[in-house]
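Q: Have a look at the structure that comes next, please.
The values are calculated or read from the model by the stated rules, or taken from the named source; none is laboratory data. Everything quoted here is computed from the prediction, not taken from an experiment. Positions of Cβ are generated from backbone atoms using ideal geometry, with glycine treated the same way; all protein chains shown enter the neighbour counts.
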Amino acid sequence: MWLHVPPEREEEFNAWYNLEHIAQVVNIPGFTAARRYAADGQVPKYLAWYEAVDEHVEPGPGFTQIVQHPTPWSLRIRRFYGENRFRNNYRMVSSFGTVPTPDAAWLYTVQADCADPAQLAEFNDWYDNEHMPALAEVPGVLRARRYVAVSGSPLSLSAFELTHREVFESPAWLEARQTPRTERIRKLFTNGRRIMYRLILPTMLPAASSNR
């Protein structure tokens, strides 16, 4: 979930998200965790990252209920972000590394479509069997995961959890990207979005999980 509000509304927006909304969502059956990030200088600035047991949770009745029956505070906040709200549903297709503990301070995301549908299988194979494993071995990369869109676009989302912002484009990172196959596949990238986020709210678990 990507959202953007005017700077003068950020304080209340963040209070609403942290104190009311994120708990509402993560406690819907099927959601397993949630975190929040911000990317300075980007529109939209805020990213809420929700994890669920499968792709059917997001369009299911629990989430639909809170969208269709918002709280008074939610109704007020909706006026702040208006149309600056984007929601995508992704299914994970590859994962390297382990769950960072504590949460990684930085999240680097790459979204893209494949320009040639006839080469989508090659695009996916390169991503999951060459590119993601190589970047996961870079010092400072704690976990690397890739997803494909169930709803929304672009089709592909890769996410790298980093110890420091400088891990991105470090010598080891750049070396991992310099392969002949990468040069070929790079020409297939379209609708690309590359954003570096900083963690602003650590992982929140469902109340039932937190009380175990």
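Q: From the set of residues in the range 51-75 that are in contact (Cβ under 8 Å) with a residue 40 or more places away in the chain and over 13 Å from P29 (Cβ atoms), which is surrounded by the fewest Cβ atoms within 10 Å (Cβ to Cβ)?
A: P59
Q: Condition first: outside any loop (DSSP other than H, G, I, E, B), modelled with pLDDT of 95 or more and closer than 30 Å to Y17 by Cα. Can you find one or more residues in the range 179-191 that meet it?
A: Yes - at least one qualifying residue is present in the range 179-191.
Q: Sticking with this structure for a sec: Where residues in the range 122-168 are among the polar types (S, T, N, Q) and in a loop (DSSP other than H, G, I, E, B), which of them is farthest from the chain's Cα centre (by Cα)?
A: T163
Q: Right, another one. Please go through the range 76-95 and pick out each residue that is touching a residue at least 60 places away in the same chain (Cβ under 8 Å) and of a type in the set (V, I, T).
A: I77
Q: Hey, another quick one. Looking at (1) over 18 Å from the mean Cα position of the chain (by Cα); (2) among the aromatic types (F, W, Y); (3) closer than 23 Å to P202 by Cα, find the lone condition where Y46 falls short.
A: (1)
Q: Out of the residues in the range 86-121 meeting the condition of being of a type in the set (D, E, K, R) and outside any strand (DSSP E or B), tell me which one is surrounded by the fewest Cβ atoms within 10 Å (Cβ to Cβ).
A: Across the range 86-121, the extreme among qualifying residues is D116.
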